[in-house]
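Please read the structure below before turning to the comments.
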Amino acid sequence: MNLTDVLLGEHVAYRALLDEIEEMASFAGEVAQIESAMTVLRTEIKSHAALEETLLFPALEQHLETSELFAEMRADHQQIQFGLERIEEARDLNEAIEAVRQTLGIARGHLKNEKVKLYALAEEVLSDETLIQLGEAWETAYSVKHG
């Protein structure tokens, strides 16, 4: 299993969850429903980001002259986490909905950047064998985290 294929597969699931959350927010759904979906999203994105940063980034580092791309990805990860915290800490539904919209916008942009920048780079500079080994490492880490 190729790591970039796995990560792109996760993106499909995240986009579906983002769409679901956005729909709940647009209809001023129950705060509890939105928070529940956001909790799932937070857990999955935190795991996704950690695995990218521990598996993919180190494999790519030797192929880059600067760490600017990694800094951009890490900053996005932090902004998304901050946005998710803002949603949890919202004092009312309107504040929560605004935080949801901002966070979803950041998350969607980040997913696109990962695909066109980070994963494209990985497929360009890493061998198929390396991507498969990283995919196997992801599978091991994922099974440990998710039982």
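Numbers for the structure displayed
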read-out	value
In the range 23-71, the residues that are within 28 Å of Leu118 (Cβ to Cβ), part of a loop (DSSP other than H, G, I, E, B) and not aliphatic (A, V, I, L, M)	Gln62, His63, Glu65, Thr66, Ser67
Members of the range 85-102 found to be in contact with a helix residue (DSSP H, G or I) (Cβ under 7 Å, 6 or more places away or on another chain) and assigned to a helix (DSSP H, G or I), listed by number	Arg86, Ile87, Glu88, Leu93, Ala96, Ile97, Ala99, Val100, Arg101, Gln102
Residues being without any contact (Cβ under 8 Å) to a residue 40 or more places away in the chain and among the aliphatic types (A, V, I, L, M) - total across the range 110-135	2
From the options Glu114, Glu53, Glu98, residue that is charged (D, E, K, R) and either over 17 Å from Glu10 (Cα atoms) or touching a Ser or Thr at 6+ places or on another chain (Cβ under 7 Å) (or both)	Glu98
Residue satisfying condition, being under 13 Å from the mean Cα position of the chain (by Cα), crowded, with 18+ Cβ neighbours inside 10 Å and hydrophobic (A, V, I, L, M, F, W, C), within set Leu84, Leu8, Leu3, Leu56	Leu84
Long-range neighbours under 6 Å by Cβ, at least six apart or interchain, first residue more than 17 Å from Thr43 (Cβ to Cβ) within the range 69-96, second of a type outside the set (A, V, I, L, M, F, W, C)	Asp76/His110
Conditions (1) surrounded by 15 or more Cβ atoms within 10 Å (Cβ to Cβ); (2) in contact (Cβ under 8 Å) with a residue 40 or more places away in the chain: number failed by Glu139	(1)
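Coordinate-derived values only; no laboratory data. Quick caveat, the model's predicted, so the values are computed rather than measured. Here the Cβ is made from the backbone with ideal geometry for all residues, glycine too, and neighbour counts use every protein chain on show.
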